[in-house]
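Asker: Below is one structure. I have some questions about it.
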Amino acid sequence: MKTQFLLGAFLLSSIAYSQVGIKTNTPEATLDVRAKNHNGAVTATDGILVPRVNSLANSGSVNGQLVYLIADTTAPTFAKGFYYWDGASWQPLSSTAGIGLYDTTQDSWNDVSGNVTLPTGSVAIGSTTPHASAVLDMSSVTNKGMIAPNVALTSITDQVTVANPKKGLLVYNTGTSTLTTAGYVYWNGTEWRTLYNTSAANPAITGLNCANAYVSPTTFTNGSPYSGTITIPYTGGNGGSYNAGTPFTQNGLTFTLQAGVLSSSTGSITYSVSGTPNFSSPSTKTVPFTFLGQTCNAIIGAANTFSIGETRGFTVAVPASTFLINTSSNWMTGSSDPTGTTNIGTVNGRSMIAAANKLSDPNVIIVKGLRLDFLNEGTGSSVRPVVYNTTSSVIRYHTSGLSTADAVTSGVSNYVAPGYFGQYMDGNSDFTCSNNNSAEFTSVQLTFDDGQWYKVEFHATRVDDVYHGYWVVTRIQ
């Protein structure tokens, strides 16, 4: 009778409220079962008992069917706990440890306090068999990459953005904070370093030296495609890395800074140079460069840039009948005027290079704007070793040397005006060049105020009434 009464009350409650409440008259769900101490401490008799079984050998019949396995079994193998039928097999619902939904298979990861851990073994992504030597094996993944944690470090010693970094920790610095070097960096225990084990510090230099810039190839031809480089020395490098620069174009040529790593003292940067120039050597163009806050102007086009240790030679041959013509040339009568407005005049003498029709030859040797040449002495047989200023400014240079006959005179503070030949590079001014008889040679130390130092050699002969001029230059410093 009691059973019938309770069943009837249960059915009436379902009809009246469409919800069932046990120990409550106000159910909040389809079935609302309240504990003895609602929202209070659990008692020994609180809870719901689902069907209890001692084996899961038989299949379920309805998806969601719930049972409780009262003990571990081995045939088949199941651990004690709640199971539900998913239409194909019995699946565990919870663990006896009570930590949420629990997967008892060997590939499970334990989620404890927000940390995902794998106590032992290895992890494979894209494969079921990680390589035995790897903790993490992603080699089977194709057309995808790995993204490391992105951070915005403030300095190479920043231990705040990433608190207490462990030695060997790898991150990707976005470069959006005060440490602007973007890329992968790792903590070496003292500072953040790039993957090349170079400094991750923001790159910096103290000076840029365009006076010693070197262009290769050195000559340009109007309308002809050019491809080469210009290398510019710097001082005060701090070992930082720098990215490729934004290209700029001038006189038909595009200059692009190549990425690199600064030395910790002096070094050089390199720009690629390509395009079709609108000028020809030995004409010159001035190109401005800015790098890490330092600026300078480099001169290109005159074939007058040498790298340290580089040696170049040039020679011409011209018949005596063509060369020995009494021609007047601009010539410095003295060497001590910085303005280039005095000590200027003319001399009877013709340029050997001009007589050989080689003035536009890109292989003519020009050192810091000074073209190496010989002047004849009018209709006489001797020649005079000289330099010629190809630029639009006064050039100051210093010389000393020896020849087969005389020492070089007027060696210190020689000034030569634009478009003028300088003082002779031989003590008595002339090389004696009798036909098939005599020849002379002089070796000159040539220096400039910026520290550049060259060894210059002049040699001339007259064989079968043909004059031969030879010039050799080596840059020492």
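Asker: If I filter segment 350-370 for residues that are farther than 27 Å from Ile230 by Cα, in contact with a Gly (Cβ under 6 Å, 6 or more places away or on another chain) and surrounded by 15 or more Cβ atoms within 10 Å (Cβ to Cβ), do I get at least one hit?
Answerer: Yes, there is a match, as at least one residue in segment 350-370 is farther than 27 Å from Ile230 by Cα, in contact with a Gly (Cβ under 6 Å, 6 or more places away or on another chain) and surrounded by 15 or more Cβ atoms within 10 Å (Cβ to Cβ).
Asker: Assuming Pro225 fulfils every condition listed in (1) at pLDDT 95 or above; (2) under 30 Å from Thr180 (Cα atoms); (3) surrounded by fewer than 15 Cβ atoms within 10 Å (Cβ to Cβ) apart from one, which condition is it?
Answerer: (2)
Asker: Among the listed residues Phe314, Phe279, identify the single one that is outside any loop (DSSP other than H, G, I, E, B) and surrounded by fewer than 22 Cβ atoms within 10 Å (Cβ to Cβ).
Answerer: Phe314
Asker: Go through segment 439-453 and report how many residues are over 13 Å from Leu402 (Cβ atoms), in contact with a strand residue (DSSP E or B) (Cβ under 8 Å, 6 or more places away or on another chain) and either surrounded by fewer than 20 Cβ atoms within 10 Å (Cβ to Cβ) or free of Cβ contacts under 8 Å to residues at least 40 places away in the same chain (or both).
Answerer: So the first thing to find is which residues in segment 439-453 are over 13 Å from Leu402 (Cβ atoms), and the list is 439, 446-453.
Checking the rest, the ones that are also in contact with a strand residue (DSSP E or B) (Cβ under 8 Å, 6 or more places away or on another chain) come to 439, 446-449, 452-453.
Within this subset, residues satisfying the condition of being either surrounded by fewer than 20 Cβ atoms within 10 Å (Cβ to Cβ) or free of Cβ contacts under 8 Å to residues at least 40 places away in the same chain (or both) are 439, 447-449, 452-453.
Residues that pass the stated criteria total 6.
Here is a yes/no grid of residues against (1) more than 30 Å from Gln477 (Cα to Cα); (2) assigned to a loop (DSSP other than H, G, I, E, B):
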residue: Thr154; (1), (2): yes, yes
residue: Leu179; (1), (2): yes, yes
residue: Val185; (1), (2): yes, no
residue: Thr218; (1), (2): no, yes
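Asker: Output the qualifying pairs, or none if there are none: Cβ atoms under 6 angstrom, residues six or more apart or on different chains, first residue in segment 466-477 and open to solvent by 10 Å² or more (accessible area, probe 1.4 Å), second residue part of a loop (DSSP other than H, G, I, E, B).
Answerer: The qualifying pairs are Arg475/Phe306; Arg475/Ile308; Arg475/Glu310.
This table checks each residue for (1) closer than 15 Å to Phe279 by Cβ; (2) in a loop (DSSP other than H, G, I, E, B).
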site: Val215; (1), (2): yes, no
site: Asn222; (1), (2): yes, yes
site: Ile230; (1), (2): no, no
site: Gly245; (1), (2): no, yes
site: Ser265; (1), (2): no, yes
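Asker: I've got another one for you. Report every pair of residues separated by at least 6 positions or lying on different chains whose Cβ atoms are under 6 Å apart, first residue within segment 319-337 and free of Cβ contacts under 8 Å to residues at least 24 places away in the same chain, second open to solvent by less than 70 Å² (accessible area, probe 1.4 Å) and small (Gly, Ala, Ser).
Answerer: Pairs that qualify, where the first residue is free of Cβ contacts under 8 Å to residues at least 24 places away in the same chain and the partner is open to solvent by less than 70 Å² (accessible area, probe 1.4 Å) and small (Gly, Ala, Ser), are Thr333/Gly345.
Asker: Do you know which of the residues in segment 427-477 that are touching a Lys or Arg at 6+ places or on another chain (Cβ under 6 Å) and part of a strand (DSSP E or B) is nearest to Ser413 (Cα to Cα)?
Answerer: Among them, the one singled out is Tyr454.
Asker: Which of (1) free of Cβ contacts under 8 Å to residues at least 40 places away in the same chain; (2) outside any strand (DSSP E or B); (3) not hydrophobic (A, V, I, L, M, F, W, C) is the odd one out, the single condition Ser307 does not satisfy?
Answerer: The failed condition is (1).
Asker: So Asp337 passes all but one of these: (1) in a strand (DSSP E or B); (2) surrounded by fewer than 22 Cβ atoms within 10 Å (Cβ to Cβ). Which condition number does it fail?
Answerer: Condition not satisfied by Asp337: (1).
The values are calculated or read from the model by the stated rules, or taken from the named source; none is laboratory data. Computed from a prediction, not measured in an experiment: that's the story for all the values here. Please note: Cβ atoms are built from the backbone with ideal geometry, for glycine as well, and neighbour counts cover all protein chains shown. Calculation scope for accessible area: heavy atoms of the full protein, side chains included, ligands and nucleic acids excluded. Shrake-Rupley method; radii C 1.70, N 1.55, O 1.52, S 1.80 Å.
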